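To start, the structure itself, in structure tokens.
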Amino acid sequence: DLARTLTMIAEGGRDAFYKGAIAHTMDAYFKRIGGDLRYDDFANFHGEWVTPQSVNYRGVDVYELPPNGQGFAALEMLQILKGFDLQKMGVGSADAITAMLEAKRLAYEDLAKFYADPNFVKVPMKGLISEGYAEQRRKQIHLDHANPSIGPGDPRLFNGDTTYFATADKDGMMVSIIQSNYRGMGSGLVADGLGFMFQDRGELYSLKPGAANVYAAGKRPFHTIIPGFAMKDGEPWLAFGVMGGDMQPQAHVQVLTDIIDYGMNVQDAGDAARWRHYGNAEPTGEPSQGIGKVEMESGFDPQVKAELTRRGYTIEPGTGNFGGYEAILLDPKQHVYWGATEMRKDGEVVGY
């Protein structure tokens, strides 16, 4: 069924899905099961080309897609971290992890308040990733203790179950792409004879009136999936991604700092121990849980974990949800690609 559906799309293009037999089949299916989607919902939909935005982190231009996704959280974290000498602090040190945890907490409070479909709300995109706003937010970080009262800032004052893969060809063209039907592999619903499962990312709306991400007809919900890309000296350098819900911006920053600040190669950066913070406010309306909790893999020094506990963090052993990393790095001097794949889940590097 899925092969037949993909063949129809290959032969008929996007209209085969949104306006042709596939759309009519989906319409009939949702009428039969009592769902709300109709043919007009598909026929009236238009995909959008959006322009990725970037920040320069120690000479590397890191690109992420704008809201309604969460990629700007990684960029805001990197802007904040530019004010700390992570290399001098040392990889896996208590100071370096504190700086990153606090940057994450600050960025995710902004994520919960401002990230939504920009066709429906004015998202302060320029302000969120500006150096001026990062400087203001950075003042809330104290390396000797966790800040117990972090909330969203006002970037408007500065305005302006996932599958990831990267590909690259002999001409230096690199692609970073990610796809997900959301957890549980989506809704579990499959229209008759079409062979694919509908996503259920509508779970990521807020139902709180007045929230930026509140549900509305025709509005895209907040999205978690973010392909990453980085340029160096104006040339393509790194196509990368890390699967795993709200772990993604946190892991983007950890992988990038491992490569840029600590000189790891593209595979070592994926193998390095990771942390994951929980407890920020959510774009779906859940309130902040204060300092929250930090899960850490066993590769971190126990003394570092003890010091972070002393600084006010609740440290817990990892449950295994530390993301899934894949990357391709272009070596501009040797003119070769380096591929990396995640050791925490299935992945593969294939050369051709």
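The values are calculated or read from the model by the stated rules, or taken from the named source; none is laboratory data. Just so it is clear, the model here is predicted, and its values are computed rather than measured. Counting neighbours? That spans all protein chains shown, and the Cβs are built from the backbone with ideal geometry, glycine included. Calculation scope for accessible area: heavy atoms of the full protein, side chains included, ligands and nucleic acids excluded. Shrake-Rupley method; radii C 1.70, N 1.55, O 1.52, S 1.80 Å.
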Among beta bridges assigned by DSSP with both residues in the chain, the antiparallel ones amount in percent, to the nearest 5, to 90
If you place +1 on the Cβ of every Lys and Arg, -1 on the Cβ of every Asp and Glu, and leave all else neutral, what size is the dipole of the chain about its Cα centre, to the nearest 20 Debye?
780
Magnitude of the Cβ-charge dipole of the stretch 232-352, K/R +1 and D/E -1, about the Cα centre, nearest 20 debye?
300
Please work out how many pairs of lysine residues in the stretch 1-145 are eight or more positions apart (or on different chains) and have Cα atoms closer than 28 angstrom.
17
Whole-angstrom gap from the stretch 103-146 to the stretch 1-71, using each part's C-alpha centre
29
Cα→Cβ-extended label distance, 7 Å offset, between Asp200 and Ala28, nm
2.6
Contour minus Cα-Cα span, Asp192 to Lys232, at 0.36 nm per residue, comes to 9.6 nm
Once you put a point 7 Å from the Cα of Arg58 and another 7 Å from the Cα of Lys208, both along the Cβ direction, what distance in nm separates them?
3.5
Per-q log10 I(q)/I(0), the stretch 248-352, q = 0.20 Å⁻¹ (Debye; single scatterer per alpha-carbon; no solvent):
-1.10
As a test, work out the antiparallel percent of DSSP beta bridges whose residues both lie in the stretch 198-322, rounded to the nearest 5.
65
Place a point 7 Å from the Cα of Asp171 in the direction of its beta carbon; the residues of the stretch 207-248 whose amide N falls under 16 Å from it are 236
Cut-off 20 Å, label point 7 angstrom out along Cα-to-Cβ of Glu297: give me the residues of the stretch 159-182 whose amide nitrogen falls inside.
161-166
To the nearest Å, what is the center-to-center distance of the stretch 218-242 and the stretch 262-300, using C-alpha atoms only?
18
Grab the Cα-Cα distance for Val91 and Asp15, subtract it from 0.36 nm times how many residues apart they are, and report the gain in nm with one decimal.
22.3 nm
How far apart, in nm, are two points set 7 Å out from the Cα along the Cα-to-Cβ line at His335 and at Gln289?
5.3
Could you tell me the extents of the stretch 140-235's C-alpha atoms along the three principal axes, largest first, rounded to whole Å?
56, 47, 30
Over the chain, the sum of -39500 (n - 2.57) across DSSP H runs of at least four, divided by residue number and rounded to 500 deg cm²/dmol, gives at 222 nm -9000 deg cm²/dmol
Please sort by residue number the chymotrypsin sites (Phe, Trp or Tyr not before Pro) in the stretch 23-75 whose DSSP state is loop and whose Cβ has at most 15 other Cβ atoms within 10 Å.
Phe45, Trp49
Averaged per residue, what accessible surface does the chain expose to a 1.4 Å probe, in Å²?
48
Would you mind checking the stretch 199-222 for residues with the amide N under 20 Å from a putative spin-label position 7 Å along Cα→C-beta of Asn44?
202, 214-222
